[in-house]
Amino acid sequence: MRYRRAYIQGGSYFFTVVTEKRRNIFAHTENINRLRAAFRTVMKKRPFQIDAAVILPDHLHFIWTLPEHDSDFPTRWRLIKTAFTKDYPDKSSVLNVNRIKKNQQDIWQHRSWEHCLRDEKDFQQHVDYIHYNPVKHGLVKRASDWRYSSIHRYIRLGILDEDWGGGEMVFDEGVSYE
């Protein structure tokens, strides 16, 4: 099957990236630090803006806005995943012979999800979804209790208060990509 992707120069995109077999790779702070280092390395060479992010034990959600004349998010993700994988200490714990034969990385699920954000409402719904995700998965009672989330930047800027996302939230149809 061939997937169609929307490549919009300067576009804002929502991403879901999942670990292979939903392993809890990001339950360990040292792996989150490796991921951050991979992002910093790639962003120096291929800049983009991170508008919202959450790192959960087995998957990531991000919203990126690309530079005005650039639509190449796939290369950025490939470079980030490759940099993280090269720095990952125990590759033997995640080896899968079938994936190796296909020359695929074994830390990341082969496919990921992206959605080009259409307008301000779509953008905001996805920011909220990202920040609410740790609550949705039962990891915390309120969104600000999750350490690895851009919600803390939104609170510092006065956009959200610390109690935001402490109850049940409903999202528009199509705003759920796990």
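The values are calculated or read from the model by the stated rules, or taken from the named source; none is laboratory data. Treat the numbers as computed from the prediction; the structure is a model and nothing was measured. Methodologically, a virtual Cβ is constructed for each residue, glycine included, from the backbone with ideal geometry; neighbour enumeration extends over all protein chains shown.
Some points to look at:
- Whenever a residue of segment 108-127 is under 30 Å from Asn24 (Cβ atoms), its partners that are in a helix (DSSP H, G or I) and of a type outside the set (Gly, Ala, Ser), lying with C-beta atoms within less than 7 angstrom and at least six residues away or across chains, give the pairs Trp108/Glu20; Trp108/Lys81; Gln109/Glu20; Ser112/Trp77; Glu114/Phe73; Leu117/Phe123; Leu117/His126.
- Restricting segment 38-86 to residues that are assigned to a strand (DSSP E or B) and touching a Pro at 6+ places or on another chain (Cβ under 9 Å), the residue that is surrounded by the most Cβ atoms within 10 Å (Cβ to Cβ): Val54
- Residue match in segment 148-164 (condition: closer than 19 Å to His28 by Cα, among the aliphatic types (A, V, I, L, M), surrounded by 11 or more Cβ atoms within 10 Å (Cβ to Cβ) and modelled with pLDDT of 90 or more): no
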